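Working notes, beginning with the structure itself.
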Amino acid sequence: MRILIIEDDIELGESLKKFLTNNKFYVDLSTLGEDGQEKAQINKYDCILLDLNLPDKDGIDVLKYLREEDILVPIIIITARDEIKERALGLDLGADDYLVKPFDLIELRARVNATIRRFYGRVNPEIKVNKLIINPKTRIVSYESNEISLSAKEFDILEYIANRHPEVVSSEDIAEHVYDEFFDPFSSVLRVHISNLKKKLKLSSGEELLITLKGKGYKL
């Protein structure tokens, strides 16, 4: 899952990026509102962490702009502004959650996971597609209770495709969500990972769990 942090405090931003990266997220960081808006328009994120006290424009204006542009990615406001009216305003303008600084990083991770889960229409922390079960917290994948050993990237790809089930997901869309902004779109790395993932799923299940639709993408 890919996250954008819009936070002007560089030390805090880098700390959040390191923590979330260690928790298997792919993270981009912006220290300005305008730059964050541009990133959110160009890239596809699973969640945005938005500070309100930005040096070039108020975070509330960034929030309003993103929603007016129909950018539907979940947004969690992270700010020192703790008045009830500030919280209500942010939520009324389209934020999905509001977290007041200072906050515990474990709580932040839990809120990010819960927000992404709701965005993809899931209630259960586990993702179930027929007999295939994917646990984002433990990062364990099983088929009929038999664990399937996947690399970190293979897991990320499978998790994203499973979140989108029963949709067909393009290679471009997968790349947007399982790599950061420095990924080379012309690289063959993604194709190799998907090929290995397909083989492992078939070997463990005895059937073609991940299907390729030529010219369209992939689906479970």
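The values are calculated or read from the model by the stated rules, or taken from the named source; none is laboratory data. Here the structure is a predicted model, which is why all the values come from computation and not from measurement. Ideal geometry is used to build each Cβ from the backbone, glycine not excepted, and the neighbour counts take in all protein chains shown. Surface accessibility is based on the protein's heavy atoms, side chains included, excluding ligands, DNA and RNA. Shrake-Rupley method; radii C 1.70, N 1.55, O 1.52, S 1.80 Å.
Some points to look at:
- Restricting attention to segment 174-215, the residues being among the charged types (D, E, K, R) and closer than 25 Å to Lys131 by Cβ number 6.
- Selection within segment 32-82 - over 20 Å from the mean Cα position of the chain (by Cα) and among the hydroxyl-bearing types (Ser, Thr, Tyr): Tyr65, Thr79
- For segment 88-98, filtered to residues that are crowded, with 17+ Cβ neighbours inside 10 Å and either among the aromatic types (Phe, Trp, Tyr) or not in a loop (DSSP other than H, G, I, E, B) (or both), the residue that is farthest from the chain's Cα centre (by Cα) is Leu89.
- Residues that are modelled with pLDDT of 95 or more and either in a strand (DSSP E or B) or farther than 18 Å from Pro55 by Cα (or both), drawn from segment 1-21: Arg2, Ile3, Leu4, Ile5, Ile6, Ser15, Leu16, Lys17, Lys18, Phe19, Leu20, Thr21
- Segment 103-220 holds helices (runs of 4 or more DSSP H) entirely within its bounds, and those carrying 3 or more residues that are under 28 Å from Ile78 (Cα atoms) and out of contact with any His (no Cβ under 8 Å at 6 or more places or on another chain) map to 105-119, 152-164, 171-178.
- For segment 102-122, the set of residues classified as free of Cβ contacts under 8 Å to residues at least 60 places away in the same chain, over 16 Å from Tyr45 (Cβ atoms) and open to solvent by 50 Å² or more (accessible area, probe 1.4 Å) consists of Pro102, Asp104, Ile106, Glu107, Ala110, Gly121, listed by residue number.
- Candidate set from segment 56-84 (those that are among the acidic types (Asp, Glu) and assigned to a helix (DSSP H, G or I)); member that is least open to solvent (accessible area, probe 1.4 Å): Asp61
- Residue tally, condition among the hydrophobic types (A, V, I, L, M, F, W, C) and either within 12 Å of Ser205 (Cβ to Cβ) or surrounded by fewer than 11 Cβ atoms within 10 Å (Cβ to Cβ) (or both), over segment 134-151: 2
- Residue count, segment 26-55 (criterion: of a type in the set (D, E, K, R) and not in a loop (DSSP other than H, G, I, E, B)): 5
- Within segment 162-203, being in contact with a Gly (Cβ under 7 Å, 6 or more places away or on another chain) and hydroxyl-bearing (Ser, Thr, Tyr) holds for Ser170, Ser171.
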